[in-house]
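Read-outs throughout are calculated quantities, based only on the coordinates presented, and are distinct from any laboratory measurement. All figures in this text were calculated on a predicted structure; none of them were measured in a lab. As a convention, Cβ positions derive from the backbone with ideal geometry for all residues, glycine included, and neighbour counts pool all protein chains shown.
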Amino acid sequence: MNAATRLGFIGVGLMGRPMALRLLDAGHRLTAWNRTHDKLVPLLARGAVAAASPAEVARAAEVVMICVTDQRAVEQVLFGPDGVAAGGSPGKLVVDFSSIAPAAARDCAARLEAGCGMGLVDAPVSGGVPGAEKGTLAIMAGGRAEHVDRVRPLVASLSQHFTRMGESGAGQATKLCNQVIVGSLLPVLAEAVRLAEAAGVEAAMLPEALRGGWADSIPLQVFAPRMAARAWDPPLGAADTMLKDLDNALALARERGIELPMLRDAAQRYRLLSERGLGGQDPAALIGLLDRD
Ligand SMILES: NC(=O)c1ccc[n+]([C@@H]2O[C@H](COP(=O)([O-])OP(=O)(O)OC[C@H]3O[C@@H](n4cnc5c(N)ncnc54)[C@H](OP(=O)(O)O)[C@@H]3O)[C@@H](O)[C@H]2O)c1
């Protein structure tokens, strides 16, 4: 099962669009749906077929990939009117690239199987828009081993690191660990940029100066220049999308009776942005919280 597999794609936002384009470039036949139809245009120009609903995607495809904002959106595309469950049938699979809570992923997998017999692999991604464009995403998967094995060759054009972490929900739990690291790092990067400016050194040169040292990272290389320039168009994501993940991680920690004090503090920085009406902006906007008015 490879390029001959009929794929579906639901949710072609910042991440979903470059992922779907890479699947088309790899030779897959793709049926796609997006709530806002216009965003499908670049895919249709490259040979994708538009569906009228998520149910129609599920009827046309053997494997339906999803990349939407949050668990509410995932539930809507799976179980809403004309959702995937209404068009799915046994033997077909959903691969959910969205980042949602592990318990929500387990619940969706159980409901989908009971409702239409489809399997679900939770497969959240890390690497941002640049990783989606280059096909270098890290994908952490949860679900039955035979389902994950079916998905592996299909995502080869998206990722060289596709790791099964356990049963349903394990991919999402791993993504939350990823977000503990990335979500805490971005406010810290903003502080480093601010200190460079206050110390009179060129903040825009930090990525080059620190390249290869222990402080180097992809977020440093991608976000520090945006922060130093106070310029983040086009956006690579939204602060509120990160906050959703950090709140899911904090809720999981509470549920398991552990403390994550660094993460709690980091989450407060994104919450502050959100309260100021800036939650839709790129996370590089965190630098603004450190600027004098
Ligand atoms: N951006 C990143 O750097 C990044 C990195 C790794 C993982 N992620 C994760 O990837 C997922 C997508 O993120 P993104 O940055 O691509 O977000 P985005 O650009 O805002 O795209 C979100 C997508 O979800 C769709 N959607 C939202 N609510 C919906 C609903 N109720 N019903 C149907 N469709 C709905 C949107 O449709 P419309 O076009 O109609 O709005 C759009 O296609 C999120 O779970 C995010 O946490 C993001």
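Calculate, in nm to one decimal, what Cys177 and Ala231 gain on full extension: separation in residues at 0.36 nm each, minus their alpha carbon distance.
The Cys177-Ala231 span can extend by a further 16.6 nm.
Any idea what diffusion coefficient the stretch 173-290 gets from Stokes-Einstein, in µm²/s, Kirkwood Rh on alpha carbon pairs, 25 °C, 0.890 mPa s?
Working: Rh = 14.6 Å.
Taking Rh from Cα pairs, D becomes 168 µm²/s.
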Helix 16-25: angle to the longest alpha-carbon principal axis of the chain, degrees 0 to 90, nearest 10?
-> 60
If the cut-off is 22 Å between C-alpha atoms, which lysines fall inside it for Lys134, apart from same-chain ones fewer than 8 positions away?
-> Lys39, Lys175
What are the residues whose amide H is under 5 Å from the amide H of Phe9, where those residues sit 5 or more places off or on another chain and H is modelled from the backbone?
-> Thr31, Ala32, Trp33, Met65
Here the convex hull volume per residue of the stretch 6-167, taken over Cα atoms and given in Å³, is 91
Whole-number D in µm²/s for the stretch 1-80 (Stokes-Einstein; Kirkwood sum over Cα pairs; 20 °C, 1.002 mPa s) | 175
Per DSSP H run of n ≥ 4, the term is -39500 (n - 2.57); total these for the chain, divide by its residue number, and report the mean residue ellipticity at 222 nm rounded to 500 deg cm²/dmol.
-> -14500 deg cm²/dmol
Per 5 Å bin, what is the whole-percent P(r) computed from every C-alpha pair distance within the stretch 61-104?
-> 6, 22, 31, 26, 13, 1
Mean projection area, nm², convex hull over Cα of the chain | 15.6
Mean Cα-pair separation over length for the stretch 174-293, i.e. relative contact order, pairs under 8 Å, 6 or more apart, % | 37
How many angstrom separate the Cα center of the stretch 26-67 from the Cα center of the stretch 217-279?
-> 30
What order do you get for 11-23, 162-174, 199-211 when each peptide is scored by the mean count of other beta carbon atoms within 10 Å, highest first?
-> 11-23, 162-174, 199-211
R0 = 35 Å: FRET efficiency of Glu167 with Val201, Cβ-based, nearest 0.05?
-> 0.10
